[in-house]
1. Out of the residues in the stretch 113-135 meeting the condition of being out of contact with any Asp or Glu (no Cβ under 9 Å at 6 or more places or on another chain) and in a loop (DSSP other than H, G, I, E, B), tell me which one is modelled with the lowest pLDDT.
2. Of all residues in the stretch 76-87, which are free of Cβ contacts under 8 Å to residues at least 40 places away in the same chain and open to solvent by less than 60 Å² (accessible area, probe 1.4 Å)?
3. When only residues in the stretch 59-75 that are in contact (Cβ under 8 Å) with a residue 12 or more places away in the chain and not in a loop (DSSP other than H, G, I, E, B) count, which is surrounded by the most Cβ atoms within 10 Å (Cβ to Cβ)?
4. Residue by residue through the stretch 150-159, note down the ones that are within 17 Å of Pro137 (Cβ to Cβ) and either open to solvent by 50 Å² or more (accessible area, probe 1.4 Å) or of a type in the set (Phe, Trp, Tyr) (or both).
5. Out of the stretch 122-138, which residues are hydrophobic (A, V, I, L, M, F, W, C) and open to solvent by 50 Å² or more (accessible area, probe 1.4 Å)?
6. Against the condition surrounded by 15 or more Cβ atoms within 10 Å (Cβ to Cβ), of a type in the set (A, V, I, L, M) and under 31 Å from the mean Cα position of the chain (by Cα), how does Ala19 come out, does it pass?
7. What are the residues in the stretch 32-58 that are small (Gly, Ala, Ser) and loosely packed, with under 14 Cβ neighbours inside 10 Å, if any?
8. Could you go through the stretch 90-112 and let me know if any residue there is of a type outside the set (S, T, N, Q), in contact with a helix residue (DSSP H, G or I) (Cβ under 6 Å, 6 or more places away or on another chain), surrounded by 11 or more Cβ atoms within 10 Å (Cβ to Cβ) and modelled with pLDDT of 80 or more.
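The values are calculated or read from the model by the stated rules, or taken from the named source; none is laboratory data. The shown structure was predicted, so the numbers you read here are calculated from the model rather than taken from an experiment. Neighbour counts run over all protein chains shown; Cβ positions are idealised from the backbone, glycine included. Just so you know, the surface numbers come from the protein's heavy atoms only, side chains and all, with ligands and any DNA or RNA stripped out. Shrake-Rupley method; radii C 1.70, N 1.55, O 1.52, S 1.80 Å.
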Amino acid sequence: MTDSNVIYADLPDERLLAAMKQDDEAAFKTLYQRYIDVMYRTAHKRLLSRAAADDAVQEVFVRFYERRQLLDPRQSVKAYLLTSLKNRILNEFRNQLIHEAHHANIAATQITHHIIHPTIDGKALELRFRQTLGQMPEKCREVFELSRFELLTNKGIAERLGISVNTVEKHMGKALAILRKEFNGQELVLLILSVGYNFFA
């Protein structure tokens, strides 16, 4: 170890951060060596992967150096680094969730179209569904759409249309009866899965 390294190693974070803001790479390397272990342990504990932990920590340190001119020399270097790491890990988790949700959606779509009802054309079924709605009596269709599309309660529908709750219930029952008569069980399952709302509950 050289004399200059000994001197840097003895400096407090504030001095090293101020020096780093002046493009002193030795100051940055000293801070890196000072906090690399705690950063890596923290990342590995959360990510449970050596490669992912290493990538996260290195990215945080690179960002730390790139932003050196914007840093407040009075702030806690350790707190800054750990907060940055926490945000990086949260982003990693968020990206994983988005990725998993995307693949889950693809899998669900494949199951819907190829396993549950491989012979049913989803687009044609949806067209039939829309046509069936269009052929319903006007009030009957209005009640159904307000209930299933706008998610209004029976009371809310009654107030919107100026009719009684009992009348709403009768129209809703008639609409569901029409749909159950028009579509078989597998078709109802496909409509529920495709549209994402249980029209027939």
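1. Looking at residues that are out of contact with any Asp or Glu (no Cβ under 9 Å at 6 or more places or on another chain) and in a loop (DSSP other than H, G, I, E, B), I get Pro118.
2. Ala79, Tyr80, Ser84
3. So, considering only residues that are in contact (Cβ under 8 Å) with a residue 12 or more places away in the chain and not in a loop (DSSP other than H, G, I, E, B), the one surrounded by the most Cβ atoms within 10 Å (Cβ to Cβ) is Val60.
4. If the condition is that a residue be within 17 Å of Pro137 (Cβ to Cβ) and either open to solvent by 50 Å² or more (accessible area, probe 1.4 Å) or of a type in the set (Phe, Trp, Tyr) (or both), then no residue fits.
5. Leu127
6. Working: surrounded by 15 or more Cβ atoms within 10 Å (Cβ to Cβ): yes; of a type in the set (A, V, I, L, M): yes; under 31 Å from the mean Cα position of the chain (by Cα): no.
Here the answer is no, as Ala19 does not meet what is asked.
7. Initially, the stretch 32-58 is screened for residues small (Gly, Ala, Ser), giving 43, 49, 51-53, 56.
Passing the criteria: Ser49, Ala51.
8. Start the filter on the stretch 90-112 by keeping residues that are of a type outside the set (S, T, N, Q), which leaves 90, 92-94, 97-104, 106-108, 111.
Pick out the ones that are also in contact with a helix residue (DSSP H, G or I) (Cβ under 6 Å, 6 or more places away or on another chain) and you get none.
No, the stretch 90-112 contains no residue that is of a type outside the set (S, T, N, Q), in contact with a helix residue (DSSP H, G or I) (Cβ under 6 Å, 6 or more places away or on another chain), surrounded by 11 or more Cβ atoms within 10 Å (Cβ to Cβ) and modelled with pLDDT of 80 or more.
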